[in-house]
Amino acid sequence: MKHPILILVFLSLSTVLSAQTAKEEIEADVHRSACDLFAYPGPTQVRLTPAPKGKKPFYISHYGRHGSRYLKNKKDYQMPIDVLAKADSAGKLTELGKDVLYRLRLIGAEAEGRYGDLTKLGAQQHQKIAQRMVERFPEVFAGPVVVDAKSTVVIRCILSMENALQKLITMRPSLLIRHDASRHDMWYMNQYEKILYTMKKDSTVRAIYQAYAKKYDCGQQLMFKLFNDLHYVNQQIDVENLAQNIFLLASNVQNTELRKKLTLYDIFSDEELYNYWKKRNTMWFVNHGFCLLGDGMQPYSQRNLLRQLIHEADSCISLAKPSVTLRFGHGSMLAPFATLLDLNGIGFTTDNLDLVEKKGWRNYKIFPIAANIQFVFYRENPEDKDVLVKVLLNENEALLPIKSAIEPYYKWSEIRDYYLKKLDEYQGD
């Protein structure tokens, strides 16, 4: 039998050797370049860590992003079609350019009248997430358990919620389901923070980001492929705007039924895909991470959500029966919420945009479409006051910024105290 220390050393070396850069991960699956539009891949962790002896799950508190959707603005579809159609009428497109125009028209036709709507894949994502929740934690869903579900008032979030609930009630008909989508709850379900929002739009921060992003401009490469007259391109085309818009459409095809018929990824090189991902990934950090170029406080935009989660958890812990709290919202909430929680160390601070990716901020891992955070609570029985919690990020066990001898399990009392202290120290209110 191998010596335990040697096994640990071997495993550590294996982990280091198997670690990939974001560029390598994107080359392995180009769909990851879609950033926040990466279609939910499902959990990578097949088996969860068993709970400490005697502990059983009894409560789940969840926040999930809506599922796959069409792009929200018609202009995102129409602008590149108009630009390429005008060039085609002038005889300025290559054969590839004409083929891309044909594909863009198919994409635009599919999305017509559905801008921002949930796609069929988006519905399926939430059905499968709900199914795995029941399969992984059957004790929580046994009997007439109350499931309290809330959504923001946006239709794609409401339909994401309804698809999840339909799957739950199909699997467990005895569940007592309450569901609502009201502006009454938007103070924490989709909090608008005027002060932080204004800081996010600071002109100095915008200028620094734009200078950073410009280093990764590569639209000219695509122009060589699509157009046969570079003089025409220089005179008529906003190169980076067009290239980035086509990249956006290429990214979102994976969220629609057209993914089975066409792609636009073939017109980009690996380097181009990585560069467009890098710019968008960093933009999300500037807007929603602890970026010190500005106020460094953007994740606190979700402080009401965290306080409400703690409040509702305390209430549900006091109940003798299991229960479930589900919330359905947006990536612009889940990203700062996960960062405020500092899951897997993504709550780092920096003013160096070159370090964002290296420090672990990779949007396709944190907040792909249908991303979700699940707090799963454990105890021996209703009299057990030593409640444990583990947190799942996209259905994979996550580490918290709290010491625990039984990771990925943590004492609820310590989680509660840690985050309430963190919230109380915020000076923005």
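Can you go through THR325, THR349 and tell me which one is of a type in the set (Val, Ile, Thr), in contact with a strand residue (DSSP E or B) (Cβ under 7 Å, 6 or more places away or on another chain), in contact (Cβ under 8 Å) with a residue 40 or more places away in the chain and open to solvent by 20 Å² or more (accessible area, probe 1.4 Å)?
From the options THR325, THR349, the qualifying one is THR349.
Looking at (1) among the basic types (Lys, Arg); (2) open to solvent by 70 Å² or more (accessible area, probe 1.4 Å); (3) more than 30 Å from GLU383 (Cβ to Cβ), find the lone condition where LYS92 falls short.
Only one criterion is unmet by LYS92, namely (2).
Would you confirm, using the coordinates I've provided, whether ASN275 is polar (S, T, N, Q), closer than 30 Å to GLU193 by Cα and either open to solvent by 10 Å² or more (accessible area, probe 1.4 Å) or without any contact (Cβ under 8 Å) to a residue 24 or more places away in the chain (or both)?
Spelling it out, it is not the case that ASN275 is polar (S, T, N, Q), closer than 30 Å to GLU193 by Cα and either open to solvent by 10 Å² or more (accessible area, probe 1.4 Å) or without any contact (Cβ under 8 Å) to a residue 24 or more places away in the chain (or both).
Given the conditions (1) over 23 Å from ILE129 (Cα atoms); (2) surrounded by 13 or more Cβ atoms within 10 Å (Cβ to Cβ), and given that ARG65 satisfies all but one, which numbered condition is not satisfied?
(1)
Which ones in segment 376-406 are open to solvent by 50 Å² or more (accessible area, probe 1.4 Å) and either in contact with a Ser or Thr (Cβ under 7 Å, 6 or more places away or on another chain) or free of Cβ contacts under 8 Å to residues at least 40 places away in the same chain (or both)?
Residues satisfying the conditions are ASN381, GLU383, LYS385, ASP386, LYS403, ALA405.
Considering THR325, THR282, THR339, THR349, which residue is of a type outside the set (A, V, I, L, M), modelled with pLDDT of 95 or more and in contact with a Phe, Trp or Tyr (Cβ under 6 Å, 6 or more places away or on another chain)?
THR349 is the lone residue from the list that is of a type outside the set (A, V, I, L, M), modelled with pLDDT of 95 or more and in contact with a Phe, Trp or Tyr (Cβ under 6 Å, 6 or more places away or on another chain).
Identify all residues within segment 22-43 that are free of Cβ contacts under 8 Å to residues at least 60 places away in the same chain and either under 17 Å from ILE366 (Cβ atoms) or crowded, with 19+ Cβ neighbours inside 10 Å (or both); write none if there are none.
Within segment 22-43, just ASP29 meets the criteria.
Within the set of pairs 6+ apart or on separate chains, which have a first residue in segment 44-72 that is at positive phi, a second that is surrounded by fewer than 18 Cβ atoms within 10 Å (Cβ to Cβ) and outside any strand (DSSP E or B), and C-beta atoms under 8 Å apart?
Close Cβ pairs satisfying both conditions: GLY54/GLU380.
Determine which member of the set ILE107, ILE129, ILE169 is in contact (Cβ under 8 Å) with a residue 40 or more places away in the chain, of a type in the set (Val, Ile, Thr) and over 27 Å from PRO50 (Cβ atoms).
Going through ILE107, ILE129, ILE169 in turn, the sole match is ILE107.
Being open to solvent by 70 Å² or more (accessible area, probe 1.4 Å) and part of a loop (DSSP other than H, G, I, E, B) is the filter here; which residues of segment 160-201 pass it?
ARG172, PRO173, TYR192, LYS201, listed by residue number.
Name the residue, out of THR282, THR263, that is open to solvent by 10 Å² or more (accessible area, probe 1.4 Å) and either outside any helix (DSSP H, G or I) or within 17 Å of GLY331 (Cβ to Cβ) (or both).
THR263
Counting only residues that are open to solvent by less than 90 Å² (accessible area, probe 1.4 Å), in a helix (DSSP H, G or I) and within 30 Å of LEU264 (Cβ to Cβ), how many does segment 202-240 have?
Total meeting the criteria: 17.
From the list ILE373, ILE415, ILE369, which one is free of Cβ contacts under 8 Å to residues at least 40 places away in the same chain, surrounded by 18 or more Cβ atoms within 10 Å (Cβ to Cβ) and either over 20 Å from MET133 (Cα atoms) or among the β-branched types (Val, Ile, Thr) (or both)?
ILE415
The values are calculated or read from the model by the stated rules, or taken from the named source; none is laboratory data. Computed from a predicted model, the values in this text were never measured in an experiment. A quick note on method: Cβ atoms are made from the backbone with ideal geometry, for glycine too, and the neighbour counts reach across all protein chains shown. When the accessible area is computed, the model is the full protein with side chains, heavy atoms only, and any ligands, DNA or RNA have been set aside. Shrake-Rupley method; radii C 1.70, N 1.55, O 1.52, S 1.80 Å.
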